[in-house]
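What follows draws every value from the coordinates through simple rules; no lab data is involved. Every value quoted in this text rests on a predicted model; they were computed, and no experiment measured them. Note that we place each Cβ from the backbone using ideal geometry, even for glycine, and neighbour counts take in every protein chain shown.
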């Protein structure tokens, strides 16, 4: 217990306040009762933190369940909210607490997948010391979505996402964010306009990804080489054209 608290508790009703240094009588500010706002804020913060952790867990379960139901249905049927909450082991109330509609969950799934792909691509690119090697790793990360078991899930999510309100026909939702990763290697390779060049290259590669997914074929190593070579050419500065001599 502090000295000030001792003084406060020892004071009897009607007794004068303690003398301040110098002999003058004054009520020190720190002897006044503290407002309860600090305690209330801390208690509310603890409650909010616990609730946030619980809600984060609910959202992750719903996203994982939504992806599993979409993967299982493929492109033959769209998932129902009832199927998703049953897979997640949650209630309809839990679903609508976080998502206003099924389309909102699909949109969140696409955003989640795009962020994971960008994180994976950035990690793979960081292993390469050369700009050309980084571009190759980027292409491998994108076209790798058409290989193995992940291909079916990618196609199913894209198919479901095409019907959402925020979908842009013919544009892969991850193309824009993924193109940012190409700006640095494109700059190092001599591109005069790295940002638009990277964007165009990204749209082309994601277009190739869509073709592989819909044809249900996996890109070969030779095809990845070809796509990589295209991206490297897109990053090269234009070749100066010889000036035309003056006509006689």
When you count, for each residue, the other Cβ atoms within 10 Å and take the mean per peptide, how do 214-220, 133-139, 192-198 rank with the highest first?
-> 133-139, 192-198, 214-220
Compute the distribution of all C-alpha to C-alpha distances in the stretch 109-237, in bins of 5 Å from 0, and list the percent of pairs in each, rounded to whole numbers.
-> 2, 12, 22, 25, 21, 12, 6, 2, 0
Rounded to the nearest 0.05, what FRET efficiency is calculated for residue 97 and residue 162 with R0 set to 30 Å and r the Cβ-Cβ distance?
-> 0.65
What whole-number value in cubic angstrom gives the convex hull volume per residue for the C-alpha atoms of the stretch 38-99?
-> 71 Å³
Computed over the Cα atoms, what is the radius of gyration of the stretch 72-149 divided by 2.2 N^0.38 Å, N being its residue count?
-> 1.51
Exposure proxy ranking, count of Cβ atoms within 10 Å, fewest first, for 211, 83 = 211, 83
Exposure proxy check: 172, 98 ranked by fewest other beta carbons within 10 Å?
-> 98, 172
